[in-house]
Each structure stands twice: as C-alpha cells, then as structure tokens.
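These notes concern the structure reproduced below.
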Amino acid sequence: MNLATLPPAYLFFFTLFSISLFSGTLAFGDKPASVVAHFIVGNARSYSDDDWKNDIQLASANGIDAFALNIGGDSWERDQIAKAFGACSDLGTDFKLFFSFDMSSMPCASTQDAKMIRDYIAEYHDHGSYYLFQSKMFVSTFSGERCLFGMGDINSGWNSAVKSQFPEDIHFVPYFSLDPSWFSGLTVTDGLFNWDSGWTKDDKDITFDSDKNYISNLGGKTYMAACSPWFFTHYGRDTYNKNWIYRPDDWLFAARWELLIANREQVDLVQLLTWNDYGESHYLGPIKGSQAGSDAWTNGYDHQSWLKFGSEYAGAFKSGHYSNFDYNRIYLWSRLFPAAADVPNDSVGKPDRWNLTKDVLWAVVFLKQPSTVSLVCGSSDLFWRLSSGVWKISLPLRENCQVQVQVSRNGNSVADFKPDGFVFNMNPSSYNFNALGNPNPVVGGDPDNGWHTLPEVIDATAYPDWDVGGGSLPVYQTSGVDNENITRAVIVLPGRNRDCWFYWNVMNNALSNATKSGAVSGRDSTSIMGPCFFTQPDMKAGAAHDGQMIWGATTWVSGHESIASPHLSSFAVLDALVDYYMDARAYPNLRTVVIAGHSAGAQMTQRYAALRRSTKNDDRLHFWIANPGSLCWLTKDRPFPNATCGGVDDYKYGLSGHFPGYSAGDWARKGVVSRYNGRNVHYAWGLKDNGPGDTRCEALTQGSTHLERGRNFISMLEALEGSLPPSATVDWVEGVSHSNEDMMNSEAGIDKLFLYDNAPPNQSLPQLRTSGTARSMISWPVYLMPAISSFLLLRS
C-alpha cells in the first residue's frame, strides 16, 4: 500500500483520539509528588548486588523515585533487603526504598508477629536510602485489615507493629481492603493506598471514581493511587488458584496516567504496579530473578518499553508540566490470541473475565512532524494522516496475521516494520492473555537514502564518537555491567544495511534467551559491542556527522579505508576494538573476544580473520562466520571456473590483485593462509539458506547459493591440509535459512558465541586488578523492543 498516493477519499479513521496535552504545558500547582514502583522481594531470591544496582538504575532512569519493597514471611528475604539497601547506598543516587509488608504472606495474629515488622523498621530507621515522606519513614502494606497482632483492635495492633518504637517518625500508608466508609475509624494510618485503582474490573473504561471515593473519606490524609498497564494471572487449583484478567482495553496505561495527571492536586503519590510481579503480568522491569511458577505466560514477554512509555507521563505528574518532545515514537501492545478461543488442553482453563477484552492492537503515537501512520494485520488495514502531537490509534485483529507498521512523511517512507514474532494466532496452544511486543528498534531513514539518527536500544549505551586511534565512529555497548566481571566480549558486525543497533539487539536477545534457558549461567560476564560503519548517505541523512569515519557503499565489508579523514581501514577499527577489550587494565578477567558476523557482517569477519596482521592474543580471539554471501578463497582454484570472469581470485574473492592499504606488505598467500588456518574460526550455515547472496560472477564461481559456497569452502579447507584446521569448527544448522536471529539463537550459535573457549582461563593475561571507576557510560536505554509493547523510535 503506497500511503503517499492514496487520495483523501480513501482515508478511513478507526478509533482515533488526540492527546493534545503533550503539545504544551498545563497550569498545575507546585505540589510535590512522587512515583514509586512495587517490587516483589520474593521474586528476587537469586539477586546479586549487581542485579539490585541494575534495577535501581533502570528504574531511576525512567522517572521512578523509589521501590516499595514487598516483604513476605520468608527469612531469606532479610538478606536481599540488605543487598537492596547496600546497592542503593553504593550508587549514591536520589533513588530510595521503603517497606510494603505483604500481610497475605506474613503472620499477624500474635504479639510476636509484630516483632518481625518492628525489627525491620528499627534496622533501617536511620538508613540514608530509606524513602521519607514529610521527613518521616514511609511504611506501607499489601492487605492487613484483619491483623490485630494479639491486640484488641486494628488500630492498637498496627500501632504496636509499626509506630510503637518511633511514634513521631513513621508515616503509615497501607493498602487495606476496606470500604472507604470505614476510613474515619482508622486512627493509626496517615493515609491509604488504593491498590485496586489501577484497573477496571468490569467492561467500562477506567475512571477516577474509585480515587474520589478514597479521597473524600480520607479527611485530608495522604492518598497513594495505583497505575498499572495490564493484569493476567493463570495459576491452577493445585498452586495459587488465581485465574483471571482485569480489562486492559482502550489504552489502559495511558488512560490511567491521564486521569492521575488531570487530578494531580488530589494525589500525593503514584505507585506503579508493578516492577516484577510476573505472576500477574503487570511487570515493568526485566524478567529475571526467581519466578513463582509463572514462566509459561511470562518468559519471552518483555515489558520494558512500558517503562519508557510510563516515563513520558511520570515526568508530567511529578513536575506539573507536560514536556515538549523532539522525537517520533510509536508504542504498540496487544494480546495476540483471540479472547474467545477455546484451548481444551490448558488444564487451568479459560481465565475469568475473558469476555471483557477485545481483540485489538493498541498504539500511542508521539509525532514531532506530521506523518501518515498505517497499521496492518492481514485484511485489517487502516491508516491515519496525523499532525504533530500525541495520538491514540488501534487496529482490530481478526485472523492469522503478522502485524506491520508503516510510516511515511512528505511522500517518503520513514519506516516499514514487521515485529518479529508479533503474529496474531487464531488457534493458541494455551490461554495466555499476557501482552506481547517486539524488541527490535526501528529508526527514521533507510539503508538506501541513509539513516537519520542512532536509535535507543534497551540494555545498551550508544557512544556516538568512539575513539579508534585517531578516528571515531558510533558503537553500541552493553550498559550497566562491571568491567571486572567481564570474561567474554562479543563484537557483532552489521549486515549490508549498516543497522548496527539491530544486530546489537539481536545478539543481546540471543544472550538473554541463552540465559533464560540455562545454557549460559548469567549475563553480567558478557559485554556486547556493535560498531557502526556508516556511509555517505548516512552523513547526508544525519546519523553520521563531520569528523567521523565513513565509507563508500560496502567498502567497509572488505577492510578498505574510510573516505573521510582520517583514512583508517575498517579492519584497523576492529584491531582497536579487540585491543580495547584485551587491555587487562580495563578488563582484568577477560578470557575471550568473539568477532561475530552474519551475511555481509560474516564476509567482513572472514576477511578480517584472513588479513588481521597481529597474532597477539590469537589464542583468545575467535571469529564466528554465519551465512556469508561470498568468501575470500584461500586457493586459486574454484569449484565452478568461469573463463570469461576476470579477477576471480582478486581480493575480496581471493588472495590476488589489489589489497586494502591495511594489508600493504603483508599479503603473501602462503603466510596469510597459514596464519588464517591457525586461528579460532567458527563457520555456520543454515541448511535452508539457498538464497543467491552475492550474484557477481566472482562469487558464482564459488557456488550459486550461500549454502553451496559454504560447503565448497569447507571442502577446500579440508583439501588443503587433509582435514579441517584443528582450531576451526563448522556447524550446519537445521531448519534455518538466511536469518541472523535464528542463527544466533541456534544451539550452535549459542555455543560458539557465548560458551566455546579453547583457551585456559586468563591465558596470557597478567594478573592485574584495577582500582577506581571504569569508563563513564551515558545510558541510552532501548525502549524499542519490549515484549509487552513494541516501541518504534522514529526520527527525522
């Protein structure tokens, strides 16, 4: 569908709302306000100090001021609470923590039960990282309206548990499941939390009515409101016996935020539900820690884009002003199975209230410039011509189909996006009412006309000007990790589209999947870097700027020099990145560096492995070459000779002719082949990769498809020395064609990228320990990829 050429008569609007609030500022008062997030400590049993630090930094970067630590009755939770406060102190930020005692888990019948709560309060009473409200220690609960702690009434009971030690220093704002008409009798509380205000339990849109009822009965006490994007739980009778949804329709998260901002003067705090309650599907943070049997409907359903989406509103709630924005973003989320579908094999059964939700894709669009936006899924195909501002749009889902997003501006395509895995399926295998999205970022521009800017990527820091020995180029690097913990670095090279952010993201997803499956023990020991080899169109479009290295077309793939000063080779760039990770002063425990590429990136990896001049650290350097379109052949013979094709053995297809300046004086075939065959080179081809790849005659002498060239190249290697070089491996991956994602996520890909290491730990590595701090990282979080919502970053 060409959006730009359709006449206005064909314009069809479906469920379009404008949120004009973001186009300017609102006249709010100066009332201070906070946004906090509910954190289930029970799901953090396996947390390390770094896990806590990473979560705190991520929450803080997205407008959250504190975690409400949900504490249960398990004794091990005390150690995790200590780790949380220790991490908060070590970071030295303004982020805080407070207690929310979970009385559905903690005992509260006897006076001894109150002691557990008093001990927590006494231990952290003067802690610098404890959240204070009106200069008092803020304490909350989940439930507790039936708790007497051996006393005669609720006020006496809770006073003994919470306030008896420090009667003037506690601000007690619990959630009690009571009718608001009872609030006037609660003398022990300083306010109340309205847990259920985050959702609607009937078929109506969410309103502020529940909040009004609370506020009118609180008599001026503190009011804490809830805000949540989703709710689905699916536990059977043999576990927690919870199986229902709350209605998430009509852009619930956005609608709730709008109500809270419009009524900001009546709301003291907003508590986001939740950071990590996986069992109820309303988590905003990364999926990690220890789930309580919710893996079946949670794993693979990342929700982190809701963090960024929520931060758009959290800033307005706290400051009283909607900020002007200078970007284009589309947030998408949806359940991807029909609500009415029957799944007889799901023993838990269809969730209660299943009929309250519609089969719809929800979207909120932030536009800096007027644009035409299209949402497509099968025969459901709608588009809107939108002016600058924030818009809500939606698309009915009614058949097996792949979601597609298209954006055009001034007649030019800005984005054409099909989220991987975002497929509506009419015949699900289980009742999974969780929300799904796609992690892959989309940025304004295209590879032919040039990329406009560097997109944000979850878990990555984008460095626009990484120094590589006199020149600079953009790179993405894993953020939030301690250099001393890094034992492995993966440098992933982009394909011919130069979309380095996409390849970094796919590699990071592969690491996440390997960690979830148990193949890799943890993420904190691996650093991923993705260099960006931009070209002249990228310079004109805006992603590259004056002073950076840029290349012509695909010359970077074969190691040629930058056409912008300084004239450094793309292989010299890789030398610098390898040296950076091999520096024991920066990475004292690193043992392995992997250069990884797929398709054009694999061509670059293979040619770099052949021409890399230095042999230093060869025992710790590995090359992963997946589905290359052509290869640098090591012999002059070809399996399919072509007498009419000149330069068959010229570099980049062979080892004759003109070499890049990087290899001046170092291109004798015998020496290159010997050095290459002594390196740790890992080849991988998908057994369904029958695409032609490079169609030049030089490539066709190697074979007619990616797979055929691969088989012929391996045969050539074996013929050279009678067998595959001892440090080389080859994997033939079943069921995979020309897919970087499938190759990286395959068992063979996981093994070579994140596990394989034939060097002893710290071989050739001086035993150095560094002191002080590592390189400063300015975080550019990835908000384009969450499982709950697909967030596309679009910039002109």
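The values are calculated or read from the model by the stated rules, or taken from the named source; none is laboratory data. As the structure is a computational prediction, the values presented were derived from the model and not from experiment. Ideal geometry is used to build each Cβ from the backbone, glycine not excepted, and the neighbour counts take in all protein chains shown.
Just a few scattered comments:
- Residue check, C88 touching a Cys at 6+ places or on another chain (Cβ under 6 Å) and either under 30 Å from M151 (Cβ atoms) or among the hydrophobic types (A, V, I, L, M, F, W, C) (or both): no
- D689 meets all of the listed conditions (1) under 20 Å from G495 (Cα atoms); (2) out of contact with any helix residue (DSSP H, G or I) (no Cβ under 8 Å at 6 or more places or on another chain); (3) of a type in the set (D, E) but one, namely (2).
- Test: residue in region 135-148 that is touching a Gly at 6+ places or on another chain (Cβ under 8 Å), at pLDDT 95 or above and assigned to a loop (DSSP other than H, G, I, E, B): yes
- The residue pairs whose first member lies in region 281-292 and is aliphatic (A, V, I, L, M), whose second member is assigned to a loop (DSSP other than H, G, I, E, B), and whose beta carbons are closer than 6 Å, counting only pairs six or more residues apart or on different chains, are L284/W275; L284/H303.
- Qualifying residue in region 324-334 (condition: over 21 Å from R398 (Cα atoms), part of a loop (DSSP other than H, G, I, E, B) and among the aromatic types (F, W, Y)): yes
Per-residue answers, yes or no, for (1) closer than 13 Å to P628 by Cβ; (2) over 40 Å from the mean Cα position of the chain (by Cα); (3) not in a helix (DSSP H, G or I):
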site: N690; (1), (2), (3): no, no, yes
site: R709; (1), (2), (3): yes, no, no
site: M716; (1), (2), (3): no, yes, no
site: P726; (1), (2), (3): no, no, yes
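- Those residues of region 146-162 which are in contact with a helix residue (DSSP H, G or I) (Cβ under 7 Å, 6 or more places away or on another chain) and closer than 28 Å to L272 by Cβ, in sequence order: C147, A161, V162
Conditions tested, residue by residue: (1) surrounded by 15 or more Cβ atoms within 10 Å (Cβ to Cβ); (2) in contact (Cβ under 8 Å) with a residue 40 or more places away in the chain.
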residue: V36; (1), (2): yes, yes
residue: I40; (1), (2): yes, yes
residue: S75; (1), (2): no, no
residue: M103; (1), (2): yes, yes
residue: E123; (1), (2): no, no
residue: L132; (1), (2): no, no
residue: M137; (1), (2): yes, no
residue: C147; (1), (2): yes, yes
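- Qualifying residue in region 479-497 (condition: on the phi < 0 side of the Ramachandran plot, hydroxyl-bearing (S, T, Y), within 20 Å of the chain's Cα centre (by Cα) and part of a loop (DSSP other than H, G, I, E, B)): yes
- Pairs linking a residue in region 153-168 that is assigned by the TED database to the domain that holds S140 and assigned to a loop (DSSP other than H, G, I, E, B) to a residue that is among the charged types (D, E, K, R) and surrounded by fewer than 20 Cβ atoms within 10 Å (Cβ to Cβ), with Cβ atoms under 6 Å and 6 or more positions apart or on different chains, are Q165/R118.
- Within region 169-180, restricting attention to residues that are assigned to a strand (DSSP E or B) and among the aromatic types (F, W, Y), the residue that is farthest from A226 (Cα to Cα) is F172.
- Test: residue in region 284-305 that is touching a Ser or Thr at 6+ places or on another chain (Cβ under 6 Å), of a type outside the set (D, E, K, R), modelled with pLDDT under 90 and in a helix (DSSP H, G or I): yes
- Members of region 186-227 found to be more than 18 Å from S34 (Cβ to Cβ) and either modelled with pLDDT under 95 or part of a strand (DSSP E or B) (or both), listed by number: T200, K201, D202, D203, K204, D205
- The residues in region 58-73 that are surrounded by fewer than 19 Cβ atoms within 10 Å (Cβ to Cβ) and farther than 22 Å from A316 by Cβ can be counted, and the count is 2.
- Identity of the residue in region 666-696, surrounded by 15 or more Cβ atoms within 10 Å (Cβ to Cβ) and of a type in the set (K, R), that ends up farthest from A610 (Cα to Cα): K688
Residue by residue, here is whether (1) modelled with pLDDT under 95; (2) over 29 Å from the mean Cα position of the chain (by Cα); (3) not charged (D, E, K, R) holds:
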residue: A564; (1), (2), (3): yes, yes, yes
residue: L568; (1), (2), (3): yes, yes, yes
residue: R613; (1), (2), (3): yes, yes, no
residue: H622; (1), (2), (3): no, no, yes
residue: R638; (1), (2), (3): no, yes, no
residue: H658; (1), (2), (3): yes, yes, yes
residue: S663; (1), (2), (3): yes, yes, yes
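- Some residue of region 738-749 being surrounded by 17 or more Cβ atoms within 10 Å (Cβ to Cβ), more than 38 Å from the chain's Cα centre (by Cα) and assigned to a helix (DSSP H, G or I): no
- Qualifying positions in region 105-121 - of a type outside the set (K, R), surrounded by fewer than 17 Cβ atoms within 10 Å (Cβ to Cβ) and farther than 17 Å from A82 by Cβ: S105, P107, A109, S110, T111, Q112
- Tally, over region 531-574, of residues that are among the acidic types (D, E), in contact (Cβ under 8 Å) with a residue 40 or more places away in the chain and not in a strand (DSSP E or B): 1
- Residues of region 73-96 that are aliphatic (A, V, I, L, M), under 17 Å from I40 (Cα atoms) and within 25 Å of the chain's Cα centre (by Cα): A84, A87.
- Check on K96, modelled with pLDDT of 95 or more and touching a strand residue (DSSP E or B) at 6+ places or on another chain (Cβ under 9 Å): yes
- Only a single item in (1) assigned to a loop (DSSP other than H, G, I, E, B); (2) at negative phi; (3) touching a Phe, Trp or Tyr at 6+ places or on another chain (Cβ under 9 Å); (4) not charged (D, E, K, R) is not met by G647, and it is number (2).
- Positions within region 296-335 being of a type in the set (D, E) and either touching a Lys or Arg at 6+ places or on another chain (Cβ under 9 Å) or in the same structural domain as A514 (by the TED database) (or both), in sequence order: E312, D326
- If the condition is being without any contact (Cβ under 8 Å) to a residue 40 or more places away in the chain and aliphatic (A, V, I, L, M), then region 317-348 contributes only A340.
- Here the condition is being surrounded by fewer than 24 Cβ atoms within 10 Å (Cβ to Cβ), of a type in the set (A, V, I, L, M, F, W, C), touching a residue at least 12 places away in the same chain (Cβ under 8 Å) and in contact with a strand residue (DSSP E or B) (Cβ under 8 Å, 6 or more places away or on another chain); of A314, A254, it holds for A254 alone.
- Members of region 317-335 found to be at pLDDT below 90 and surrounded by fewer than 21 Cβ atoms within 10 Å (Cβ to Cβ), listed by number: S319, G320, H321, S323, N324, F325, D326, Y327
- For region 582-624, filtering for residues that are in contact with a strand residue (DSSP E or B) (Cβ under 6 Å, 6 or more places away or on another chain), touching a residue at least 60 places away in the same chain (Cβ under 8 Å), of a type outside the set (A, V, I, L, M) and more than 15 Å from W556 (Cα to Cα) leaves 4.
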